[in-house]
Amino acid sequence: MYQLHLVTRRYDIIQLKAHYRFTSSDAKRLKQMQKHVQHLLPSLLDGFYDYIFSFEHAKLFLHDQSIRMKHRSAISDWFLDLFGGVYDDAYFKKLQNISETHVRIGLPSHYVNCAFSYIREFLEKKFHQGNEEDIYAMNKIIDINLDILSLTYQEEEQQQFIDQVLLLKQSIKNQTIIPYAQPIVDTISGKTVKFECLMRIQDQQNYTIHSIHPLMKVARSIRLYTDLVKIMITHTMEIFRDLPWTFSLNVGYEDIADPDLLEFLYAKLEHFPQPERIIFEILESDFIEDFNIVSAFVNKTRTYGCHVAIDDFGSGYSNIENILELKPDFLKIDGSLIKDINTSSVSLTIVENVVKLAKDLQIKTIAEYVHNEEVYRIIKNLKIDYMQGFYTGEPFPAQDLLQNKSISNSD
């Protein structure tokens, strides 16, 4: 884990206290309040646990009696130390350790903020008629604690952001954007006839493979997303250029609305030998942005012979009338409907109606998220045209297809 050093040096502690104008007089006042707050401890803890158990996340961490007792003891120690009058290196180091523990176990930062909010409110009610200087000192030490206990989250987020930026920039520089291919299987024959191509990024330091999804927000914020997409398109077309299979590429509204990216894509299609083997998958939710832009893209790619699939169909965000106006070649039924089709009568009914609609309109259907044999058999019985999921084939480096061109014949 990224380690903090901000509050471990004497200079930093002095600086932190100065920032909050925390003086030796404040420390003395807090020490004098300790006996009084010690009497308040039982009622504070009872109210505190009633409050935090209103958060489902707290129940996950404090799920049995022994853990709750340890937690209660730790909170008691921390609370009494708050009024201990000694705020030295050891005190701040203890706070730092608590903060790092919170991050390590995955405790959300809002949990810490809400806990402090409760404690501050509790104390202010108890001391509302007390000495203003006492209340002022109390609020200062609470603010200092909250600052330190929040700091690890901030540093962790900053370090994660830096790591992600470096990974993305190195991936673009070294062209380590790797297309993965997931088989799409013909339901009747059981043969692989198409592949969906998925973007993966290889970390050259440890050779781990990363999905693009957790990195997407950062890639867009630092304007590297378009570069990633261009490399993905280039590598995918190079791999599939002389292969027999149909393959699909995912495009979002941001891609379709980017003139520079479209110019790049259309130039690639001009030089691809069989563009009719390419399917562009468009998310159903993207139709709510600007239907005209999506429609123009679909019409243009069809001039090259490309096909169109509506991805995540049935997720319920968009105008079905607009979608069907495009006469897509494929409807990819949303995985949220398929994954529990064996246990949910609602999902089964929705999928049955989607299949009927598609057949009436002569649109091929693809079931996503086929993850076990029971779901597999239901998909076959519903006569969905194609299926995709870990049960029928996990994603793998598309480059491997160059060494094995006999997986199946393209349809």
Could you tell me which numbered condition residue 86 fails, if it satisfies all but one of (1) of a type in the set (A, V, I, L, M, F, W, C); (2) modelled with pLDDT of 90 or more; (3) part of a helix (DSSP H, G or I)?
-> (3)
Look at residue 327 and say whether it is assigned by TED's automatic domain parsing to the domain that holds residue 246, of a type in the set (Lys, Arg) and modelled with pLDDT of 95 or more.
-> no
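Residue-wise test of (1) in contact with a Ser or Thr (Cβ under 9 Å, 6 or more places away or on another chain); (2) at pLDDT 90 or above; (3) in a helix (DSSP H, G or I).
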| site | (1), (2), (3) |
| --- | --- |
| 130 | no, no, no |
| 139 | no, yes, yes |
| 143 | no, yes, yes |
| 149 | yes, no, yes |
| 156 | no, no, yes |
| 162 | no, no, yes |
| 169 | no, yes, yes |
| 172 | no, yes, yes |
| 188 | no, yes, no |
In region 385-405, how many residues are at pLDDT 95 or above and not in a helix (DSSP H, G or I)?
-> 13
Go over the candidates 99, 66, 76, 117 one by one and state the one that is exposed (fewer than 11 other Cβ atoms within 10 Å of the Cβ) and assigned to a helix (DSSP H, G or I).
-> 66
Between a first residue in region 291-303 that is in the same structural domain as residue 320 (by TED's automatic domain parsing) and under 16 Å from residue 320 (Cα atoms) and a second residue that is in a helix (DSSP H, G or I) and of a type in the set (A, V, I, L, M), which pairs have beta carbons less than 7 Å apart while being 6 or more apart in sequence or on different chains?
-> 294/256
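Only one residue in 247, 272 is of a type in the set (A, V, I, L, M, F, W, C) and part of a loop (DSSP other than H, G, I, E, B). Which one?
Working: 247 fails: part of a loop (DSSP other than H, G, I, E, B).
Answer to the check: 272.
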Taking residue 374 and the conditions (1) surrounded by fewer than 17 Cβ atoms within 10 Å (Cβ to Cβ); (2) touching a residue at least 40 places away in the same chain (Cβ under 8 Å), which numbered condition does it fall short on, given that it satisfies the others?
-> (2)
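So, residue 247, is that one within 26 Å of residue 369 (Cβ to Cβ) and touching a Phe, Trp or Tyr at 6+ places or on another chain (Cβ under 6 Å) or not? Before you say what the answer is, go through the steps one by one.
On the way: within 26 Å of residue 369 (Cβ to Cβ): yes; touching a Phe, Trp or Tyr at 6+ places or on another chain (Cβ under 6 Å): yes.
Answer is yes for this residue.
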In region 325-353, what count of residues is obtained for those that are closer than 17 Å to residue 311 by Cα, under 27 Å from the mean Cα position of the chain (by Cα) and part of a loop (DSSP other than H, G, I, E, B)?
-> 2
Which residue pairs have Cβ atoms closer than 6 Å, lie 6 or more positions apart in sequence or on different chains, and pair a first residue in region 264-275 that is free of Cβ contacts under 8 Å to residues at least 40 places away in the same chain with a second residue that is assigned to a helix (DSSP H, G or I) and basic (Lys, Arg)?
-> 264/230
Could you please find all residues in region 199-227 being of a type in the set (Ser, Thr, Tyr) and either surrounded by 13 or more Cβ atoms within 10 Å (Cβ to Cβ) or in contact (Cβ under 8 Å) with a residue 24 or more places away in the chain (or both)?
-> 211, 225, 226
What about residue 170, is it in contact with a helix residue (DSSP H, G or I) (Cβ under 6 Å, 6 or more places away or on another chain) and over 26 Å from residue 392 (Cα atoms)?
-> no
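The values are calculated or read from the model by the stated rules, or taken from the named source; none is laboratory data. Please read these numbers as outputs of a predicted model, since none were measured by experiment. Backbone-built Cβ (ideal geometry, glycine too); neighbour counts: all protein chains shown.
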